[in-house]
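What follows is a short report on a single structure.
The values are calculated or read from the model by the stated rules, or taken from the named source; none is laboratory data. Since the model is a prediction, treat every value here as computed from it, not as a measurement. Please note: Cβ atoms are built from the backbone with ideal geometry, for glycine as well, and neighbour counts cover all protein chains shown.
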Amino acid sequence: MSPLPADELFMAGVHIHGGPAPVRRFPPELIQLIWDRKIDPGKVFDLTLPLDRAAEGYQAMDQRTATKVLLTV
């Protein structure tokens, strides 16, 4: 994780906003785009593991060596 220069951001008048994402709104449309091969979800994953190694994926995310893990069947 990269630290933010809080003092510089404050002095520059930068505002950072966050909040919950509407995660239930998009899956049906996104899944169809994936099935139609119009988008490639693989670009957001930085680690791919077989399903039987899922515990390693959780460990990698916990240790911050991976952000998104793709489990394959």
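Data overview
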{"item": "V44 being of a type in the set (A, V, I, L, M, F, W, C), exposed (fewer than 14 other Cβ atoms within 10 Å of the Cβ) and closer than 19 Å to S2 by Cβ", "result": "yes"}
{"item": "Subset tally (residues that are in a helix (DSSP H, G or I) and not small (G, A, S)) for the stretch 49-72", "result": "8"}
{"item": "Pair list, Cβ under 7 Å, 6 or more apart: the stretch 32-53 residue closer than 11 Å to T72 by Cβ, other residue modelled with pLDDT of 95 or more and of a type in the set (D, E)", "result": "L49/E56"}
{"item": "Which numbered condition R64 misses (of (1) surrounded by fewer than 10 Cβ atoms within 10 Å (Cβ to Cβ); (2) among the basic types (K, R); (3) free of Cβ contacts under 8 Å to residues at least 40 places away in the same chain)", "result": "(3)"}
{"item": "Hits in the stretch 6-38 (condition: part of a loop (DSSP other than H, G, I, E, B) and surrounded by 10 or more Cβ atoms within 10 Å (Cβ to Cβ))", "result": "V14, F26"}
